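The values are calculated or read from the model by the stated rules, or taken from the named source; none is laboratory data. Predicted, not measured: the structure shown is a model, and the values here were computed from it. Counting neighbours? That spans all protein chains shown, and the Cβs are built from the backbone with ideal geometry, glycine included.
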């Protein structure tokens, strides 16, 4: 089972909140795979590997709608947003840093902290110095994570992540995959978990808590 997320997407941030709060055991079982807008050189590497990038540029009307929608959804969850300003972002910087953090067993913590910094503090997580700050907070090598986007072994790993998204038909995030079944959007998390016989943790009584199948 695979969970595609993007540190660029506010809906990924909201899905992450719901996943960790409502289905913490499921979060442990999923393979977390990053999905981002690749720069030209990465796009060439992906094409040479036989993949494509299936994401269209967002029109202004949709962007304005998302500003309103995310504010409502965050408020419903008790979250306060601080919308970041992206000035020529290089999305390889945080997403390839995630791959390094995941290899060191701290991938989920990296995503959580990076999402908090972006969506709750309004910081530019594409800045290497911000990634270094995240790494330091997680007791990870700051230089290694901050420079991950320019390290060949990590870029090769990144191409494989984008190839996986291409093969799974990912066109947006959050995106959940279970065998041939696919679930797109933060509002599809419950349906995805329900397909596994799971209910939100808050709806379980103590006697049921261990019986959710996530152990």
## Note on the structure
Every listed condition ((1) without any contact (Cβ under 8 Å) to a residue 24 or more places away in the chain; (2) within 17 Å of the chain's Cα centre (by Cα)) holds for residue 153 save (2)
### Query
In segment 1-16, which residue that is within 15 Å of residue 170 (Cα to Cα) and outside any loop (DSSP other than H, G, I, E, B) is farthest from the chain's Cα centre (by Cα)?
2
### Task
Could you run through segment 30-46 and say how many residues are closer than 18 Å to residue 4 by Cα and assigned to a loop (DSSP other than H, G, I, E, B)?
5
### Pick from segment 47-64, criterion at pLDDT 90 or above and either in contact with a strand residue (DSSP E or B) (Cβ under 7 Å, 6 or more places away or on another chain) or in a helix (DSSP H, G or I) (or both), ranking: surrounded by the most Cβ atoms within 10 Å (Cβ to Cβ)
47
### Task
State whether the residues of segment 17-29 include one that is surrounded by 12 or more Cβ atoms within 10 Å (Cβ to Cβ), in contact (Cβ under 8 Å) with a residue 40 or more places away in the chain and outside any helix (DSSP H, G or I).
yes
### Query
Among (1) on the phi < 0 side of the Ramachandran plot; (2) surrounded by fewer than 15 Cβ atoms within 10 Å (Cβ to Cβ); (3) over 16 Å from the mean Cα position of the chain (by Cα), which single condition is residue 197 missing?
(1)
## Note on the structure
Subset of segment 174-191, residues outside any strand (DSSP E or B) and under 17 Å from the mean Cα position of the chain (by Cα), comes to 174, 185, 186, 187, 188, 189
### Message
Cβ-Cβ under 6 Å, sequence separation 6+ or interchain: first residue in segment 78-94 and on the phi < 0 side of the Ramachandran plot and at pLDDT below 95, partner buried (at least 18 other Cβ atoms within 10 Å of the Cβ) and assigned to a helix (DSSP H, G or I). Which pairs?
### Response
81/74; 81/119; 84/118
